[in-house]
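Written below as structure tokens is the structure these notes are about.
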Amino acid sequence: MSTERSTELWRLDGARTRSISAENPTGAPGAGGRATEGTGAHAARFLGQGWKVSPSIILPDGETATLADVSGPGVVRHWWLTTDRAVLGAMTVRIYWDGRPEPAIEVPLGDFFCNGLGELTLVDSEMVVVNPAGGLNSYWPMPFRTHARITLENSSGRNVPVYYQVTYDEQEVPANAGYLHATWARSAPLGSPAIHTLMGTTPGPGRYVGTYLTIRPGAPGWWGEGEFKFYLDGDTDFPTICGTGTEDYFGGAWNFDLGGGVYRRYSTAYLGLPQVIPADQIYQPDQRFGMYRWHVRDPICFDRDVRVTVQALGWQGDAYLPLVDADIASTAWWYQATR
């Protein structure tokens, strides 16, 4: 049975849907809306139990909240969350599969939702959707066999409200299902050689499925000549997959520039440049850019191992210019056989 059922919504396969929120912290059947205390208790004081008594939690500075802690087998289908939009970069999401002590996913909250630059940006894609005014949605399917735990750490310097809902199916998980992983890396400044590593050598078998990249070039002019390189199954000096340029990897072309003195932003199902900050400039050294690509239709499959890099390469006159002063951060998503 496939964990991807979006094209077979008609299939009655025995799965049972559960949902975890501050209104039902365990996701147990019939346990929603029973709270008598919570962040909405004052507003509901004339209505009582069942009337939005506990819609959220307050996460104190320096603390970590467990948003979901459930037994399997199952598949997380959707995760919605909203909080203080100003501190998305100061909160960290960690996800643990099947009782492992190390998180398979450890990423700043904003970067996990393609909002890693400190200004809320709307995203309209298949795997990540960000809606007004700070509704963060993940549709990455996340299978687990015995246990799933999702935590959120607050390092913002202030207490923040957290509204959330994690929806998952209790269902059997096939033997060939991989666990979703994600890792975040930053190079600031990049230095020489001007190569940023999105993920170091990682064992397989697995499938690389997504990239979110932010860059501040640090030099004027065009900044996106760098090639994405995927080193697969023992590749050493040279990769099996080598792209033709940064904007090309994210599905664009010709500097994202249609004329008129501004970059052309876009957000589509699998590819996007939703973040250009400030949006009314072009080819300036300290502009910031955020891009995503989901390899949903074209996963990069590896057996033994994978390593992923991108060059920070600009253009000056008629020659390439390594962007040694660039500030680059990346989030990489992949499915892996091991936990």
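In debye to the nearest 20, how big a dipole does the range 16-177 give about its Cα centre with +1 on each Lys and Arg Cβ and -1 on each Asp and Glu Cβ? Intermediate values should be presented prior to the final figure.
Values: 12 positive and 17 negative charges, 95 e Å.
Using only the charged Cβ atoms, the result is roughly 460 debye.
Quick one: Tyr163, Tyr231, fewest Cβ neighbours within 10 Å first, how do they rank? Let's see the in-between values first.
Working: Tyr163 16, Tyr231 20.
Sorted ascending by nearby Cβ count, the order is Tyr163, Tyr231.
Can you give the relative contact order of the range 172-314 as a percent, counting alpha carbon pairs under 8 Å and 6+ residues apart?
Values: 282 pairs, mean separation 55.9, N = 143.
Rounded, it is 39 percent for the range 172-314.
Would you mind ranking Ile328, Ile282, Ile105 so that the residue whose beta carbon has the fewest other beta carbons within 10 Å leads the list?
Numbers: Ile328 25, Ile282 16, Ile105 21.
Sorted ascending by nearby Cβ count, the order is Ile282, Ile105, Ile328.
Give the long-range amide H neighbours of Ala68: residues separated by 5 or more places, or on another chain, with amide H under 5 Å away, using H modelled in the peptide plane at 1.01 Å from N.
Ile150
What value, in deg cm²/dmol to 500, does the helix sum -39500 (n - 2.57) over DSSP H runs of n ≥ 4 give at 222 nm once divided by the residues of the chain? Don't jump to the answer; show the numbers that get you there.
Working: 2 runs with 8 residues, N = 339.
So the calculated ellipticity at 222 nm is -500 deg cm²/dmol.
Let me make sure I get this right: for the range 104-158, a, b and c are the square roots of the gyration tensor eigenvalues over alpha carbons, sorted descending. Under 1.5 in a/c it's rounded, otherwise prolate if a/b > b/c, else oblate. Which is it?
Working: a/c = 2.51, a/b = 1.26, b/c = 1.99.
It is oblate, given that a/c is not under 1.5 and a/b is not larger than b/c.
Please tell me the relative contact order of the chain in percent, rounded to the nearest whole number, where contacts are Cα pairs under 8 Å and at least six residues apart. The partial results should precede the final answer.
Numbers: 901 pairs, mean separation 72.8, N = 339.
Answer for the chain is 21 percent.
Based on the alpha-carbon gyration tensor of the range 180-336 and its eigenvalue square roots a ≥ b ≥ c, which shape applies: rounded if a/c is under 1.5, prolate if not and a/b is larger than b/c, or oblate? Working shown, then result.
Details: a/c = 2.00, a/b = 1.53, b/c = 1.31.
Prolate is the answer for the range 180-336, as a/c is 1.5 or above and a/b outweighs b/c.
With the cut-off at 1.5 for a/c, could you classify the range 31-90 from its C-alpha gyration tensor as rounded, prolate or oblate?
oblate
What ranking do Ile277, Ile57 get, fewest neighbouring Cβ atoms within 10 angstrom at the top? It would help to have the intermediate numbers written out before the result.
Details: Ile277 16, Ile57 20.
The order, fewest Cβ neighbours first, is Ile277, Ile57.
Residue separation times 0.36 nm, minus the C-alpha to C-alpha distance between Thr268 and Leu12: what's the value?
Details: separation 256, 0.36 × 256 = 92.16 nm, distance 3.05 nm.
Answer, rounded to one decimal: 89.1 nm.
So, in nm, how far is label Ala188 from label Asn131 when the simple model puts each one 7 Å beyond its Cα toward the Cβ?
3.1 nm
Rounded to the nearest 0.05, what FRET efficiency is calculated for Thr167 and Asp303 with R0 set to 25 Å and r the Cβ-Cβ distance?
The value I calculate is 0.15.
Between His196, Trp254, Ala148, whose Cα lies farthest towards the positive end of the dipole of the chain when Lys and Arg beta carbons carry +1 and Asp and Glu beta carbons carry -1, centred on the Cα centre?
The Cα lying farthest towards the positive end belongs to Ala148.
Each value in this text was obtained by applying a stated rule to the coordinates, not by laboratory testing. Everything numeric here is computed off the predicted structure, so don't read it as measured data. Cβ sites come from the backbone with ideal geometry, for glycine too, and all protein chains shown count toward neighbours.
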